[in-house]
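These notes concern the structure reproduced below.
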Amino acid sequence: MNKEQLQSTARALVAPGKGILAADESFGTIGKRFKAVGIESTEDTRRRYRQMLFTTPGIGEFLSGVILFDETIRQKADDGRPLPKVLEDQGVIPGIKVDKSTTALPLSPQEKFTQGLDGLRERLEEYRGMGARFTKWRAVITIGQGIPTERCISANAHGLALFAAFSQEAGLVPIVEPEVLIDGDHTIERCYEVTEWTLNRTFDYIYEAGVELSGMLLKPNMVISGKDCPEQAGVEEVARMTVECLKRSVPAAVPGIVFLSGGQSDLQATAHLNAMNRLYDDLPWELSFSYARALQGRPMEIWKGDDANVEAAQKAFYHRAKMNSAARSGSYSEEMEKEAA
């Protein structure tokens, strides 16, 4: 394990003013999103869609990295360049999702366990040879009646830690993603409780696995009200409770925290990130973003699979990335959105 190299890549991924695009949707997920806007999901439409995003002029000003899916890292742009090379030419670091999605947790089918450790060492070697410099693994924690359970949180925390160790062994920076889902009617206080529990267990296992904290990133949910909760917490409450939870859970040696958007709207995700960076300037880690829908939603609606719409879709993508770049320094405002409109 080359600690200096891992640290250098991790710091580059959370460079000031930049964040990460999560373009690692599975076939099922991107199929649903395409269907919602009238796009047929085929290998070529998926390739053209990602190509449209990755070739957006100047996007490297706001993006430090992009998380790819297995299909995508093997695809080429119209000009013959592998898509990871397209990103590198923009000054963007290619990464790769390496988990193999979730399955029902044994004896607790309403909870999920993430698969993918079998053959991981060999897959990481292949991905590194294809240009990947970082990895991502997502675990899912559901809040509901009687859940989550200790065995669900511990099993997923153990998997995240092993993934991180395998990644660092291969010279790749792991992005550890324990996501407490927004689905449900739980309060923000319950989300706080479960998120703190999940993060503390995750870092317990990360320590035991020998993972180098300075060569990894954390991709957590924000502490937020369940989407069906009658009382929705305001922007500043979400910001304060999220940071307070992180202070109690995340070691200072971790270079950065790259939030998932997790079902928030694009404007909500930006506003929450902005509030955290505006309210706090003495945190040990960088607070950044690793969004999928919150960056891609509007560009996908505009593109609709039609190459005639590429320029307009790229403009929308560039704008969303720029807004989140501003949120990195706490300088985002509603006026900026209005000016762009």
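The values are calculated or read from the model by the stated rules, or taken from the named source; none is laboratory data. The model shown is predicted, which means the values in this text are computed figures rather than measured ones. No Cβ is skipped: glycine too gets one built from the backbone with ideal geometry, and neighbour counts run over all protein chains shown. Protein only, heavy atoms only, side chains kept; ligands, DNA and RNA dropped before computing areas. Shrake-Rupley method; radii C 1.70, N 1.55, O 1.52, S 1.80 Å.
Side notes on the structure shown:
- Flagged links, alpha-carbon separation over 23 Å, of LYS3/LYS136; LYS18/LYS136; LYS100/LYS247; LYS18/LYS76; LYS18/LYS85; LYS18/LYS315: LYS100/LYS247; LYS18/LYS76
- Of the trypsin sites (Lys or Arg not before Pro) found in region 275-341, the ones in coil according to DSSP and having at most 16 other Cβ atoms within 10 Å of their Cβ are LYS304.
- Entry note: region 92-157 has Rg to Rh equal to 1.09, where both radii use alpha-carbon atoms and Rh is the Kirkwood radius.
- Choice from THR195, THR114, THR45 with maximal GNM fluctuation in the chain (Cα, 10 Å cutoff): THR45
- If the chain linking ILE147 and LEU267 were pulled fully straight, counting 0.36 nm for each residue of separation and taking away their Cα-Cα distance, it would gain 40.2 nm.
- Anchor LYS338: aspartates and glutamates whose Cα lies under 18 Å away (excluding residues fewer than 8 positions away in-chain): ASP266
- Those trypsin sites (Lys or Arg not before Pro) in region 168-273 that DSSP places in a loop and that have at most 13 other beta carbons within 10 Å: ARG248
- With the convex hull drawn over the C-alpha atoms of region 1-127, the volume per residue is 157 Å³.
- Euclidean distance of C-alpha centroids, region 43-92 and region 261-298, integer Å: 23 Å
- Euclidean distance of C-alpha centroids, region 121-194 and region 1-39, integer Å: 14 Å
- Relative contact order of the chain, defined on C-alpha pairs under 8 angstrom at six or more residues apart (%): 18 percent
- Accessible area per residue, Å², region 143-241 with all protein chains present, probe 1.4 Å: 38 Å²
- By accessible area, using a 1.4 Å probe on protein heavy atoms only, region 262-317 has 43% of its surface on carbon and sulfur.
- Around the Cα centre of region 1-90, unit charges on the Cβ atoms of Lys, Arg, Asp and Glu (plus for the first two, minus for the last two) sum to a dipole of about 160 debye.
- Model label sites at ARG128 and SER8, defined 7 Å from Cα along the beta-carbon direction, differ in position by 1.5 nm.
- GLU88 paired with THR42, simple spin-label distance in nm, labels 7 Å along Cα-to-beta-carbon: 3.0 nm
- Compactness relative to 2.2 N^0.38 Å, alpha carbon Rg of region 239-341: 1.18
- Pair ARG248, GLN110: separation of 7 Å Cα→Cβ label points (nm): 2.4 nm
- GNM result for the chain, Cα springs below 10 Å: residue of ALA77, ALA275, ALA22 fluctuating most strongly: ALA77
- Region 110-249: relative contact order as a whole-number percent, Cα under 8 Å and 6+ apart: 26 percent
- When you work out D = kT/(6 pi eta Rh) for the chain at 25 °C and 0.890 mPa s, using the Kirkwood radius from C-alpha pairs as Rh and the Stokes-Einstein form, the result is 123 µm²/s.
- Gaussian network model of the chain, Cα within-10 Å springs - most flexible of CYS245, CYS191, CYS229: CYS229
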